[in-house]
Structure formats: structure tokens, C-alpha cells
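Inspection log for the structure reproduced underneath, given as C-alpha cells.
The values are calculated or read from the model by the stated rules, or taken from the named source; none is laboratory data. As the structure is a prediction and not an experimental result, all values here were calculated from the model. Heads up, the Cβs are rebuilt from the backbone with ideal geometry, glycines too, and the neighbour counts pull from every protein chain shown. These area figures cover heavy atoms from the full protein model, side chains too; ligands, DNA and RNA do not enter into them. Shrake-Rupley method; radii C 1.70, N 1.55, O 1.52, S 1.80 Å.
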Amino acid sequence: MAGLFAKLKRTEEPSTSVLGADAPLVPIESTDLSRRVALLDSLEEAGLGWFWASDATGRLIYLSNAASEELGLDNGDAVGRQITDLFQPDDDPTSEQSQRPLKFLFAAHSSIGPITVKVAGKKSDVWWEVAAKPQTNTDGEFTGYHGSAKDISASHERRRDAEKLSKYDSLTGLANRHFMAKQLDTTLTAFRSAKRSVALLMLDLDRFKQVNDTLGHPAGDELLKQVADRLQRIIGDKGEIGRLGGDEFQVMLPDMDDRGDLGDLALRIVQMLSQPYSIDGMRAVIGTSVGVAIAPYDGIEAEELVKAADLALYSAKCEGRGQYRFYSSDLKEGVNERARIEEDLRDAILKSELQMHYQPIVNAKTHRVECMEALMRWEHSERGMISPADFIPVAEDVGIIREMGAWALNEVCQQVTRWPSSVRAAINVSAVQFSSDDFVKVVEQALKSTGVNPAQIELEITESVFIGDLERTFRLFKQLKSLGVKLALDDFGTGYSSLSYLRDAPFDKIKIDQSFVRGCSADDSNNPAIIAAVVGLAGALGMETVAEGVENKDELETVKKQGASHLQGILFSRAIPPQDVLARFERGELEFEPTGPDRYRHERRTEFRRIGLIHDDHRYKVVLRNLSKTGAKIEGLLDVPVGTEVVLDLGSGQLAVATVRRSEGFSQGVEFEMHLISDGAKGLCTRHRVSPYQIEAAGRPLASLGSDAYAALAGNFKSTSKAFMEADIGAMTAAR
């Protein structure tokens with residue numbers, strides 16, 4: 001191209017005619033514009049490309065007619081426009097050239113190209129490949145550009161499609177694993193320099209395999225597309241979403257480190273992805289678990305952050321699924337604990353370590369027991385009692401829940417034969433157990449082998465049984481009812497069963513989940529209205545209602561006022577061993593009187609661990625006795641005045657500003673200035689933490705937070721006299 005314009009300047013050199021060797025030689029004069037244009041036209045018509053030129057101000061002074069026609073412009077409409085208005089950078093995010101600084105190149109009078117640009121035509125955008133050389137006059141002054149162009153729209157589309165396939169998941173259109181890894185690494189590198197944060201969410205779907213197995217792989221693919229669509233609606237432009245493969249997803253959120261906001265977002269993801277899906281006229285219900293890690297707090301490099309988010313996800317799944325979990329350094333111990341549980345659980349039945357305990361369900365008016373819910377307990381021979389919340393999810397994952405469920409069914413039926421005929425036993429049935437082909441036979445065999453009255457057996461089933469093959473589900477309901485047992489719908493309101501299913505299913509009882517009972521006595525609670533609605537619905541369908549989780553007398557009065565027919569909760573009794581149940585029944589003690597607090601208060605977690613307390617630049621060692629969202633009880637300092645402002649160092653960079661509200665001897669009750677939040681599982685955490693960037697500014701290397709991040713930030717504390725005397729908690733505890 002540059003050679004072409006150079007030739008156009010050679011006015012003194014003769015040119016040989018293309019008509020033949022005998023033709024006369026005719027010089028091309030600079031004023032012979034028609035012959036110059038004819039030569040350019042012949043090159044363009046031969047398909048060698050188009051040409052353009054600009055002046056020193058960046059205005060277009062020439063554009064090939066064929067190029068103007070492609071854009072749907074008259075040549076006069078193009079001439080006079082700024083080049084930077086006509087040629088735009090390729091804004092396709094999959095393009096490697098999407099960030100080329102065109103305006104900078106033009107302003108710097110640099111050589112251009114070949115480079116891909118987008119050109120706006122009247123009908124549609126097209127893509128050209130342009131190149132140009134800056135031109136100067138005899139004084140060396142810039143006079144403009146001479147350039148070439150050609151249409152590469154077809155090849156550009158093919159290249160863009162190929163690049164997209166290499167970066168995006170073909171099924172969902174989300175970023176793939178490779179692209180997400182590259183994006184995360186690039187973002188973390190850039191954000192370290194700018195002292196910015198990045199949150200990483202890892203997700204996988206609960207019960208997705210069940211959908212694949214019952215509805216088929218095409219239905220599974222359609223479900224993944226719908227999941228991707230919901231995620232995009234939730235996240236919007238706040239972050240990047242990727243599908244890593246299978247049912248695993250990842251979300252990267254720049255500039256988010258408030259764990260309150262992240263917890264709200266994670267909870268919304270759990271709730272939205274758990275709503276029913278319609279697939280080819282079939283209904284599918286799944287769930288999701290979410291693990292959350294934040295850079296630089298939980299990891300500096302991409303690999304470290306991904307491992308932290310993975311570990312948080314693993315913890316969320318192990319603790320019951322359908323929830324989120326923030327990463328913390330103690331999760332590694334949780335992984336080891338789960339491995340030990342899995343190893344020992346296989347032998348628990350053989351060693352007779354499993355036992356059924358029973359919690360009463362009483363009549364709301366008389367407080368007389370009418371049913372006892374059977375709850376599995378595991379007393380390990382070496383490690384003592386292990387929580388069902390820890391071992392039941394493991395049993396489901398490793399596939400022995402069916403064996404445990406069959407054992408529980410037989411055990412309960414055997415024990416009920418010695419109970420009063422007026423008292424039933426409610427047995428929980430997992431979705432995995434219910435999906436077994438021989439489930440009805442297992443129930444029938446237990447009834448026959450023990451001789452129990454079927455009317456005294458109640459099977460508690462969750463809404464997840466409505467996934468997939470509804471015809472089979474209702475057939476099983478009919479078969480179970482024909483055996484004479486009763487059916488109860490457990491945890492009503494936490495799933496998404498259709499009211500039409502509830503209308504058609506032969507349930508005898510609806511159990512209102514404890515999440516609606518907890519705190520229902522509070523003035524600003526909407527739970528009483530929800531309870532009343534469920535009670536009304538159950539009454540219309542001829543079903544009993546059980547309000548679960550009644551823990552205080554205020555809640556008791558509220559649920560009774562809303563019309564619940566039966567009550568269950570620690571206000572009446574915790575789950576008790578079978579021998580105690582039998583002894584009570586033999587004494588004729590069938591009534592359970594409510595015993596507990598009068599009013600609801602925020603749940604407190606019993607703790608016994610050492611933490612730090614900061615006051616006037618001094619750090620004391622104290623013992624955390626219990627913890628709630630609003631405050632804590634601590635021990636270890638003598639005679640701290642009420643009203644004293646302190647900071648509790650809860651570990652891993654978590655600092656909670658608090659005021660002493662009660663003080664007696666070496667024990668204080670403190671109220672937090674900012675409430676703690678749920679960590680997504682069983683614990684509490686602060687919204688914010690000490691930033692590793694702050695620790696770096698204090699002279700330490702940049703690293704993820706350790707267990708004593710505040711000490712790393714503050715360095716050595718003052719050695720001057722302290723305001724309070726520290727007590728020897730160990731000695732005082734031993735003396736109690």
C-alpha cells in the first residue's frame with residue numbers, strides 16, 4: 001500500500017502501458033487525477049482491497065467507493081468524518097484485540113496495523129482489517145495517513161466463534177474452567193497492586209444426580225441451562241460466572257469483602273436455585289451449597305483462594321447441604337473429622353453404637369403426648385456422642401443411609417410394641433431411602449416381624465420426594481397407606497412443593513418448620529401469619545399441624561393462638577433415651593409440662609476458648625463463655641466497670657467493638673456495637689476483618705490471615721500498667 005502511494009508521487013518517471021510493449025510511454029502527471037483514480041479503481045476491482053487517506057487533523061479525505069457502498073454511505077457522507085469516529089476498537093470481549101488503543105495510535109502518529117476495527121454501517125456493523133503509514137511533508141511535518149482496508153467480517157466471525165468456544169461453556173454460555181482460572185489469576189494480580197479485594201463463590205448442585213437418573217441426561221442438560229440463567233439474573237453485572245464442569249459453578253465478585261453482603265447474596269443463590277424447575281412438562285427440585293472465600297483475607301494467589309472456597313463448599317455440604325459457608329482456618333480440622341466419621345460410621349450398627357431417642361409431640365390443648373419423634377443418636381465408643389447433623393449427611397453421601405434407615409425402622413417398631421396404644425412413633429425417612437425400589441417392602445417387613453400396630457407408626461417425609469417421577473411417588477404413598485401407617489409432611493415451608501401435590505398426597509399431618517416458630521413472638525415478625533395460613537390450609541385438608549422447635553413460653557402462646565393442633569420442642573422435652581420413655585409410660589406420665597424461658601432471645605452458642613480483649617492499647621487474655629449475634633459473656637478480668645468500651649479479638653482478624661453491660665467479679669457481659677452475622681452454618685462471624693493490606697503496611701509480608709492477625713498488625717503491646725487485673729481462669733474453673 002505504501003508502495004502504491006509512493007508510485008503515485010513519481011511524476012517524472014515514465015510508465016509502460018498495460019496494453020502492450022508497442023504502446024507509447026505516457027507520464028502520469030500529478031494533475032492527471034482521472035488516470036490516478038482509474039489505477040486505484042482497477043486495483044480495488046481486482047479484489048486487492050480498499051484505500052483511505054486522512055489529513056493532519058484526523059479527518060477522512062478519501063475512501064474507496066466500494067468501501068463506502070458496503071457501509072451504505074455516499075462517498076461524500078464518509079469524507080470529512082474523523083477516523084476515530086469511523087474506525088472503532090473491536091469491543092467483543094472474546095477478542096484478544098478488544099483493548100487496542102486506537103485513539104492513542106492515531107494521536108501519536110504511529111504506524112497502524114494490521115489491526116481489526118469495527119465500522120458502523122447503515123444496515124449492520126462490519127469488521128475491517130486496516131493498516132496505514134503516517135505521511136510527512138518535506139519539512140518533516142505530519143500531514144495525515146495513507147491506508148488500506150479490507151473486509152474480514154466472515155473470517156472475524158469464524159475467529160470470534162472459535163475464541164468463544166475456547167473460553168465459554170458450550171452448554172450454558174458461561175465462562176469455562178480455563179477462562180475463569182485465567183480471569184481470576186489476572187484479577188488477583190491487578191488487585192494486589194491496587195489493594196482491592198475479590199470474593200470467590202464455589203457452588204455445586206444438591207440432588208442433581210437424582211434428576212439425571214430419574215429424568216435423563218437431556219433433562220439434566222436443560223436443568224443446567226436454567227441454573228445458569230438464574231445465576232446470571234442474580235449476579236448481573238456484579239461479577240463473572242463460570243461453569244467448571246458437571247454441576248460445579250464459580251462466581252468471581254470484585255471489590256466485595258463485607259461478609260454480611262456476601263452472606264445475603266449466597267443465601268439468595270441458595271433460595272433461588274432451590275425453587276422448582278419445569279423441564280419438558282416435568283417438575284424438578286434441586287438445591288445448592290455455596291462456599292465463600294475472599295482475597296486477600298483467605299488467599300493471595302489464585303490456587304490458594306480456590307482451595308479455600310472449595311474447603312468452605314465442602315464444609316457446607318457436610319453440614320447438611322442447602323446452605324453457604326465462609327472459609328475459616330479451622331475448616332481443615334472439619335475435613336479430618338468427616339473422614340473419621342465416615343470410617344467409623346460403617347461399623348456403628350455392628351457395634352450397637354446407634355440408638356433411637358424420642359422427643360414428644362404433645363396436644364396443644366392438653367399437653368398430653370400423642371406421638372414421639374424417633375431421632376437417631378450415635379454414641380461412639382471412644383469419642384462420645386456425635387451429632388446427627390455431622391453423621392447423617394455423611395451416611396447419605398457414602399450410601400449407607402438405606403441400611404441405617406432400615407435398622408431404625410425395625411428398632412422403633414420393636415420398641416413401640418411396649419408403648420400405650422394411644423401413642424404413635426414418627427420415623428424420619430430420607431429422600432434417598434424413599435427412592436429405594438424396595439422401600440415399601442422394608443416397611444412391610446418391619447411391621448410384620450415386630451407385630452406392631454401399623455396405626456402407631458408415622459412416616460415423616462420431606463418435600464424433596466416430589467422430585468422427578470410423581471407417578472411413582474403417589475403410587476408409593478398409596479401402597480404405604482394400604483399398610484395402615486400414617487404419613488406426615490416434615491419441615492413444611494422450607495421446600496417448594498406445589499399446593500396441588502399437597503392436595504393430592506394422603507398426608508395425615510403437616511409439620512411447620514421451626515424456622516417459622518423461632519422468634520414468632522417478636523413484634524416485627526411475620527411468622528404468626530405464616531403459621532396461621534398453614535394451620536388453615538391443613539384444616540381444610542383434614543390434616544393435623546405440628547409446630548416444631550417451640551423453645552419459650554412466648555412462642556408457645558403464639559403458636560397456640562394461631563391454632564396449631566400439636567407442639568414439639570425443648571420447652572416440653574429434649575429427645576430422651578428409650579428406657580426413660582418406657583419408664584415414663586409405665587408410670588402413666590403422659591403429660592409434659594412446659595419448662596423454659598418466658599421470652600425469646602437471640603440464640604447463644606456455648607463456647608469455651610481463649611480470645612483477646614483490647615483496652616487502651618493493652619491486650620488481655622480472656623475466656624469466651626458464650627456468644628450471640630448481639631453480645632457475649634467473657635471471663636478473666638476482675639472488676640471491669642459497666643460502660644467500659646473494649647474490643648474482642650475473636651481470632652483470624654475478627655475484631656468486635658463492644659461495651660460492658662454487666663460485670664460481676666471476673667465475669668462480664670458485653671454488647672456488640674455491630675451485630676455478628678451467621679457464617680452460613682452453625683457459627684457466627686464479624687462482617688469485616690483486619691485487612692492483610694493493613695498488616696503489609698505495618699511492615700509484614702503480604703499473606704492471608706493467620707489465627708492471630710491483630711497481633712501481626714499491632715506488634716508488641718505496651719508494657720505499662722494495665723487498667724484491669726487478669727484472673728487465672730483455669731484455677732477458678734477447677735474450684736467451681
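Here are the numbers for this structure:
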| quantity | calculated |
| --- | --- |
| Spacing of the two label points (7 Å from each Cα toward its C-beta) at residue 421 and residue 379, in nm | 3.3 |
| Of 332/722; 441/511; 118/307, pairs whose Cα-Cα distance is over 31 Å | 332/722; 118/307 |
| At R0 = 22 Å, FRET efficiency that the Cβ-Cβ distance of residue 725 and residue 647 yields, to 0.05 | 0.70 |
| Point-to-point label distance, residue 579-residue 230, nm (Cα→Cβ direction, 7 Å offset) | 4.8 |
| At R0 = 51 Å, FRET efficiency that the Cβ-Cβ distance of residue 124 and residue 470 yields, to 0.05 | 0.60 |
| Chain lengthening between residue 238 and residue 407 when straightened (0.36 nm per residue, less Cα-Cα) | 55.9 nm |
| Per residue value of the accessible surface for the chain (all protein chains in place, 1.4 Å probe), Å² | 48 |
| Longest to shortest principal axis, alpha-carbon extents of the stretch 582-705, angstrom | 72, 35, 22 |
| Rounded tilt (10° steps) of 470-482 against the dominant C-alpha axis of the chain | 0 |
| Spin-label proximity, residue 221 to the stretch 261-289 - amide N less than 17 Å from point 7 Å beyond Cα toward beta carbon | 279-281 |
| Within straight-line cross-link reach of residue 209, lysines at Cα separation under 22 Å, skipping those fewer than 8 residues along the same chain | 225, 317 |
| With all protein chains modelled, accessible area of residue 435 [1.4 Å, Å²] | 40 |
| Residues of type aspartates and glutamates that residue 122 reaches as a straight line, Cα spacing below 15 Å, ignoring anything fewer than 8 places off in the same chain | 69, 70, 74, 77, 85 |
| Bridge type composition, the chain - antiparallel percent by DSSP, nearest 5 | 80 |
| Accessible surface of the chain [probe 1.4 Å, protein heavy atoms]: carbon and sulfur percent | 49 |
| Correct option for Cα Rg over 2.2 N^0.38 Å [calculated from the coordinates] among (i) 1.35; (ii) 1.08; (iii) 1.44 | (i) |
| For the stretch 499-650, average projected area of the Cα convex hull in nm² | 14.1 |
| Approximate spin-label separation residue 343-residue 661, in nm, with each point projected 7 Å along Cα-to-Cβ | 4.5 |
| Alpha-carbon radius of gyration plus Dmax, which is the widest Cα pair, for the stretch 561-636 in Å | 20.3, 63 |
| Average Cα contact separation per residue, the stretch 359-403, under 8 Å, 6 or more apart, as relative contact order % | 21 |
| Average Cα contact separation per residue, the chain, under 8 Å, 6 or more apart, as relative contact order % | 8 |
| Radius 15 Å from Cβ of residue 77, net charge of other residues (Lys, Arg +1; Asp, Glu -1) | 0 |
| Dipole in debye (nearest 20) - the chain, about Cα centre, beta carbon charges: Lys, Arg +1; Asp, Glu -1 | 1360 |
| Extension reserve of the residue 171-residue 77 stretch, reckoned as 0.36 nm per residue once the Cα distance is removed | 29.5 nm |
| Nearest-0.05 FRET efficiency for residue 105 and residue 675, computed from C-beta distance (R0 45 Å) | 0.25 |
| Net charge of Cβ neighbours under 12 Å - reference residue 456; Lys, Arg +1; Asp, Glu -1 | +1 |
| Length-normalised contact order for the stretch 595-699 - Cα pairs under 8 Å, 6+ apart - percent | 21 |
| Accessible area of residue 290 in the full protein assembly, 1.4 Å probe (Å², nearest 10) | 0 |
| Hydrodynamic radius by Kirkwood, which averages 1/r over all alpha carbon pairs of the stretch 390-483, in angstrom | 13.9 |
